[in-house]
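Take a look at the structure set out below.
The values are calculated or read from the model by the stated rules, or taken from the named source; none is laboratory data. Predicted model only: the values in this text are computed from it and were never measured. Counting neighbours? That spans all protein chains shown, and the Cβs are built from the backbone with ideal geometry, glycine included.
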Amino acid sequence: MSQHTPDPAPLVPPGRITYGSYLCIPDLLSLQREVSAPPHADELLFITSHQVYELWFKQLLHELRHVCRWLDADRPLRAAQLFERIHAVQHLLIEQIPLLETMFAVSFNQFRENLRPASGFQSVQFRVLEFLSGAKNARMIALVGDDPEAKAEMERALGAPTVYDHFLRHLARIGLAVPDAILRRDTSQPHEQHEGVVSALVELYERSDELYPQFRVAEHLLQYEERFAIWRFHHVKMVERMIGTKVGTGGSSGAKYLASTLAIRFFPDLLAVRDRLSTGYA
Ligand code: HEM
């Protein structure tokens, strides 16, 4: 074939899978539906960004549920391996914010009113992710609006054990002294810092050579919490520059409300361990 003749397009036998059919590309590309009239040039970026976030939230939920399964199977190294992937996704979530910040506030405010009362407040997957991570808050369910299926999904997630519950149950099975009351706790409530659990974790950290797989999971949990908080912080800074102190389209106080969520801790015991670690060489 001459250098200038393009390769012929591969022939796809009828009925065979193609890139477009496998990945549902026509469906995917039909889902970015701008609502602004007249159309606004920046709305596509706004929609695409949110949709991409939702896809990554789906992936995070999938991976976290597998982390729980590996912990239930007492295979902490497999759980640790999945956390590497989870952190990489979280990195993407954080790094995507500057992309949206290429939109000027003056632009966003031109089409923002068209979105009211829709809001990130209503992201079901974000809330399920928070619940699975430990930030249980039943009041968040009402925010989703009139959507019985979404509410049912959130209620299931509210009641289910968190990834940390799965971790503590695994630690109990390998012989660490996790208090019974914690193993049987009401998992629809947030886990509060507990001295008995902190003591069990101090033992884990002090025996970290011997219990290295479990120690790695503990550190991965903390890393997960840290990246989640970095996303929250970056989101609130973006919100400040986009809407200043205006209220949110979802009805909250906006940046002020979001700043208050920076105090959320998924795994308070893991931070408390730091205060109890002995100093100097053993
Ligand atoms: C111009 C960009 C954005 C602005 C101005 C903005 C603004 C806000 C505001 C004001 C809130 C508070 C709730 C309310 O009253 O509406 C909020 C919540 C939220 N936003 Fe955004 N947002 C933006 C981009 C994004 C993106 C790209 C995502 C990705 C999914 C996102 C996800 C969320 C989530 C999950 C919440 C609930 C947070 C919580 O309750 O802790 N936002 N946003």
Of the conditions (1) surrounded by 15 or more Cβ atoms within 10 Å (Cβ to Cβ); (2) away from the ligand (no atom under 16 Å from the Cβ); (3) in a helix (DSSP H, G or I), the single one that A152 does not satisfy is (1)
Residues within region 127-148 that are part of a loop (DSSP other than H, G, I, E, B), touching a helix residue (DSSP H, G or I) at 6+ places or on another chain (Cβ under 8 Å) and within 11 Å of the ligand (Cβ to nearest atom), tallied: 1
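Can you tell me which residue among A218, A177, A272, A259 is part of a loop (DSSP other than H, G, I, E, B) and among the hydrophobic types (A, V, I, L, M, F, W, C)?
On the way: A218 fails: part of a loop (DSSP other than H, G, I, E, B); A272 fails: part of a loop (DSSP other than H, G, I, E, B); A259 fails: part of a loop (DSSP other than H, G, I, E, B).
Testing whether each residue is part of a loop (DSSP other than H, G, I, E, B) and among the hydrophobic types (A, V, I, L, M, F, W, C) leaves just A177.
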Note on E240: of the conditions (1) closer than 30 Å to F46 by Cβ; (2) in a loop (DSSP other than H, G, I, E, B), unmet is (2)
Could you check region 40-51 and list, in sequence order, the residues that are near the ligand (Cβ under 10 Å from one of its atoms) and part of a loop (DSSP other than H, G, I, E, B)? D42
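Results for (1) surrounded by 16 or more Cβ atoms within 10 Å (Cβ to Cβ); (2) under 21 Å from the mean Cα position of the chain (by Cα); (3) within 22 Å of E130 (Cα to Cα), shown as yes or no for each residue.
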{"position": "G20", "(1), (2), (3)": "no, no, no"}
{"position": "C24", "(1), (2), (3)": "no, no, no"}
{"position": "Q32", "(1), (2), (3)": "no, no, no"}
{"position": "P38", "(1), (2), (3)": "no, no, no"}
{"position": "S49", "(1), (2), (3)": "no, yes, yes"}
{"position": "Q59", "(1), (2), (3)": "no, yes, yes"}
{"position": "H62", "(1), (2), (3)": "no, yes, yes"}
{"position": "F83", "(1), (2), (3)": "yes, yes, yes"}
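So that you can scan it fast, the table gives a plain yes or no per residue for (1) among the β-branched types (V, I, T); (2) modelled with pLDDT of 95 or more; (3) not in a loop (DSSP other than H, G, I, E, B):
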residue: S2; (1), (2), (3): no, no, no
residue: P6; (1), (2), (3): no, no, no
residue: A9; (1), (2), (3): no, no, no
residue: R16; (1), (2), (3): no, no, no
residue: D27; (1), (2), (3): no, yes, yes
residue: Q32; (1), (2), (3): no, yes, no
residue: P38; (1), (2), (3): no, no, no
residue: Y53; (1), (2), (3): no, yes, yes
residue: Q59; (1), (2), (3): no, yes, yes
Per the filter on region 107-121, residues within 9 Å of the ligand (Cβ to nearest atom) and in a helix (DSSP H, G or I) are F108, R112, G120, F121
Within region 59-101, which residues are touching a residue at least 24 places away in the same chain (Cβ under 8 Å), closer than 30 Å to P38 by Cα and not hydrophobic (A, V, I, L, M, F, W, C)? Q96, E101
Within region 146-164, is there a residue that is at pLDDT below 95, closer than 20 Å to S252 by Cβ and over 19 Å from the mean Cα position of the chain (by Cα)? yes
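For every residue, the table says whether it meets (1) over 19 Å from R276 (Cα atoms); (2) at pLDDT below 95; (3) crowded, with 17+ Cβ neighbours inside 10 Å; (4) away from the ligand (no atom under 16 Å from the Cβ).
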site: D209; (1), (2), (3), (4): no, no, no, yes
site: H220; (1), (2), (3), (4): yes, no, yes, yes
site: F233; (1), (2), (3), (4): yes, no, no, no
site: V239; (1), (2), (3), (4): yes, no, yes, no
Give the residue that is surrounded by the most Cβ atoms within 10 Å (Cβ to Cβ), with candidates limited to residues of region 97-141 that are modelled with pLDDT of 95 or more and of a type in the set (D, E). E130
Could you grab the pairs with beta carbons closer than 9 Å, sequence gap of 6+ or different chains, first residue in region 268-282 and farther than 13 Å from Y205 by Cα, second one among the polar types (S, T, N, Q)? P268/Q193
